[in-house]
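Participant: Could you have a look at this structure, given as structure tokens, before my questions?
The values are calculated or read from the model by the stated rules, or taken from the named source; none is laboratory data. What you see is a predicted model, and the numbers here were worked out from it, not measured in a lab. Don't worry about glycine lacking a Cβ; one is built from the backbone with ideal geometry, like all the others, and counts go over all protein chains shown. Only protein heavy atoms, including side chains, enter the accessible area calculation; ligands, DNA and RNA are left aside. Shrake-Rupley method; radii C 1.70, N 1.55, O 1.52, S 1.80 Å.
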Amino acid sequence: MAAQPSQQYAFRAQKALGLVNGSPDYAPISTFAAPDVPARTHTYSADGRLYAYALPTMVRIFQAEGAQLLQELSLANIVELSFSPRGTYISTWERPVKLEEGVQHKNLRVWSVSTGQELISFSQKSQEGWDLQYTISESHAIRLVGPEIQVFRPAEWAKAVVDKLRVEGATSVTLSPGLNPSIAVFVAEKKGQPASIKIYNLLGLNGPPTCQKTFFKADRAQIKWNTLGTQVLLLTQTEVDNSNKSYYGETGMYLLSAAGNFDCRVTLDKEGPIHDFAWSPNSKEFGVVYGYMPAKAMIFDQRVRAVHDFGTSPHNFISFNPQGRLILLAGFGNLAGKIDVFDRRSLSKASTIDAPNTSHCEWSPDGRFLLTATLSPRLRVDNGIKIWHCSGPLVHVKTIEELYQAGWRPTPVENVPQFPNQLPPAPEPSESVKEWEKTQKKPVTGIKPAGAYRPPGARGLATPAIFKREDEGGLPSRNHSPAGSGANTPSRGYNRSPAPPGAPGYGQYSNGDVVYGKRQVPGAPSGAGGENERRGKKKNKGGKNKEAAGVGEDGADGAHVNGNTNGTPRGKKGGQQQQQPQAAPPPEIVEPASPTTPVADGALDTIAKRVRNLNKKLKAIEELKEKAKRGERLETTQFKKMEGEAGIKKELAELQVQSEDLVSS
């Protein structure tokens, strides 16, 4: 029996390229010599035997176990690399360039790994979907060229195309795994014609499709086959959501059988987009994360019957480990990076991992470890790799500047140890974890949990009953009238006073037909006719010449030109007067009492200002503690600010003593 391949991962950065052994030591492979110039891409073969990277002037192929150099191809400007399933062939792609008129640039080329000989070349303009797709036995390879699907036999590349299928409007094609390969062809919706998916048997392309389905609202699609190649999941998406509920368009999901005996739409019970979906390695069930945040996650069987509901949580990523025993649900991107791991047998949560700023997440081939990486240019800070045990602990950390790619070395499931019945214990963390923890600031303990946001003016006060729900002691609902949900909301009208609710003078505004007093400026003389004076100024705007003459329309003094002596304006016709309801007198303004100790007044003002500034600093420190409690990253200056809390409290106590001494004196 051949020895089991060792666990290994590879990474590519702007200034580094490396192969690293896995558990337990996570030491770099000593026999691998990193290149002197930055690599443009790197990849493993599907069986994990080979590893290759592309430099600006060459491509190097290594044996992954031991990093022994096997082949060096003198190729310039290679951007993409890909191995065939068994590592017999390697494909390279470079950006197309314009050659002499009538000559096409063959920028997609296939090479023999063992001899380094070029076997066939094509012209491929688009980088998306650039590579050929092989069957697992490498007996056939397919390629989409416009509306035509071309079939090749890799053992006979010289014969070129051996079979073809033309599907008008085809935008993508996916070859299934398994011993009886099929191809799924997607045709996007165009000019009112519905989209469709058609499944053909690879060895019978001239016959009718074994299964097909048409539908609308599908500008593009994502196709995933199960491991056996017997069923396919199709995620459709539109560019625009006509209901204006989602910025990213509308999504839909369909399940089809390659044999043609089953197809249906996957009906989801929560409104919103489909974030992610994945097949279980047993090919009998799949998981979907869908709906507006917090999203819902569910497992369905191969007949689209619900198996388990994980409830709602901020997740947008799902993945089964290679053995199908553990299920990962996580929230990446603009979410916090929380990872929940569930045991498929008991459907209970096995662990929770906090991995913020994760750009890439991947199970190890033995299903016991998770690799998370923060990649550039998605994020240009805190780039690096972290490896977690499935039970939760962090076991390895490697920080790398400008990290572009990271991933495990693939290993067939039959070549790794069997996953135990019970969750395996976590190994001891490597030395890198201990060194990394020394550089991290420990979160502040003993802080209050974050609550609902309250504006600064309302903090520390009880919530008015009008703003509470009825089950929280608020006022009973009165929404039986046609007024709707805003019937209980108090109308503030137009309020020029900056006084907050509850402060003296709050509520002095015009509401409906009742006119309250105008804004009172402290220290200014109060006038009973202030409201009428304001009306008089507006009326006098167009009568400056008449005022200058000192004579009104009725021969009276210019002081009463636009109204009678009691301040009521005249009508426009025949000198008739309109009756105006008498304005209510303004409420009496209570002036605060002057200080009894005018000598100490200046000192008290200085102390009060200092106390107010110190209280602001304490309030800012409390907010920083809340952020630390929520797991947010804090700057070094913010940690220093929190360390000064004791000094601020001490100074506040001293100022309190000084103010008491001044008052008593």
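Participant: Residues in region 197-227 near a label at D241, defined as backbone nitrogen under 16 Å from the 7 Å Cα→Cβ point?
Facilitator: Hits in region 197-227 for D241 at 16 Å: 217-219.
Participant: Taking a spot 7 Å from the Cα of Q440 along the direction of its beta carbon, which residues of region 388-403 have an amide N less than 14 Å from it?
Facilitator: Once the point is set 7 Å along Cα→Cβ of Q440, 388-389, 392-399 turn out to lie under 14 Å by backbone N, inside region 388-403.
Participant: Another question, if that's okay. Calculate the tail of P(r) for region 194-242: the fraction of all Cα-Cα distances greater than 15 Å, expressed in %.
Facilitator: Numbers: 646 of 1176 pairs.
Percentage above 15 Å: 55.
Participant: Loop only per DSSP, at most 16 neighbouring Cβ atoms within 10 Å: give me the trypsin sites (Lys or Arg not before Pro) in region 106-137, ordered by residue number.
Facilitator: On the way: sites: K106, R109, K125; in loops: K106, K125.
Passing sites in region 106-137 are K106, K125.
Participant: Tell me the accessible surface of E100 in square angstrom (1.4 angstrom probe, heavy atoms of protein chains only), to the nearest ten.
Facilitator: 140
Participant: Let me ask another. Taking the solvent-accessible surface of protein heavy atoms with a 1.4 Å probe, what is the per residue accessible area of region 1-116 in Å²? Mind showing how you got there, number by number?
Facilitator: Working: 5710 Å² over 116 residues.
Solvent-accessible surface per residue comes out at 49 Å².
Participant: Going by average Cβ density within 10 Å per residue, which order do the peptides 10-20, 628-638 take, highest to lowest?
Facilitator: Numbers: 10-20: 18.8, 628-638: 13.2.
Taking the mean over residues of other Cβ atoms within 10 Å, the ranking is 10-20, 628-638.
Participant: Give me the one-decimal nm value for the distance between modelled label points at A336 and Q117, 7 Å along each residue's Cα-to-Cβ direction.
Facilitator: Between A336 and Q117, the simple spin-label model gives 6.0 nm.
Participant: Oh, and also: Based on the alpha-carbon gyration tensor of region 43-186 and its eigenvalue square roots a ≥ b ≥ c, which shape applies: rounded if a/c is under 1.5, prolate if not and a/b is larger than b/c, or oblate? Numbers along the way, then the final one.
Facilitator: Numbers: a/c = 1.94, a/b = 1.22, b/c = 1.59.
Verdict is oblate for region 43-186.
Participant: With a 1.4 Å probe and every protein chain left in place, tell me how much accessible area K284 has, in Å² to the nearest 10.
Facilitator: For K284, solvent-accessible area is about 130 Å².
Participant: Now for a separate question. Hey, with R₀ at 25 Å, roughly what FRET efficiency would K164 and K191 work out to, going by the Cβ-Cβ distance, to 0.05? Let's see the in-between values first.
Facilitator: Values: r = 26 Å, r/R0 = 1.02.
According to the calculation, E is roughly 0.45.
Participant: Also, I was wondering about something else. Based on the Cβ-Cβ distance from W157 to F639, what FRET efficiency comes out when R0 is 51 Å, to the nearest 0.05?
Facilitator: Details: r = 63 Å, r/R0 = 1.23.
About 0.25, to the nearest 0.05.
Participant: Ok, one more. Tell me, what is the 1.4 Å probe accessible area of C361, in Å² to the nearest 10?
Facilitator: C361 exposes around 20 Å² with every protein chain in place.
Participant: Any idea how far apart N282 and D382 come out in nm if each label point goes 7 Å out from Cα toward Cβ?
Facilitator: Rounded to a tenth, the inter-label distance reads 3.7 nm.
Participant: How many percent of the alpha carbon pairs in region 18-77 exceed a separation of 18 Å? Walk me through the numbers on the way to the answer.
Facilitator: On the way: 596 of 1770 pairs.
Tail of the P(r) past 18 Å holds 34 percent of the pairs.
Participant: Mind running the shape call on region 610-663? Use the C-alpha gyration tensor, a ≥ b ≥ c as the square roots of the eigenvalues: rounded below 1.5 for a/c, prolate if a/b tops b/c, oblate otherwise.
Facilitator: Numbers: a/c = 3.78, a/b = 2.97, b/c = 1.27.
Prolate is the answer for region 610-663, as a/c is 1.5 or above and a/b outweighs b/c.
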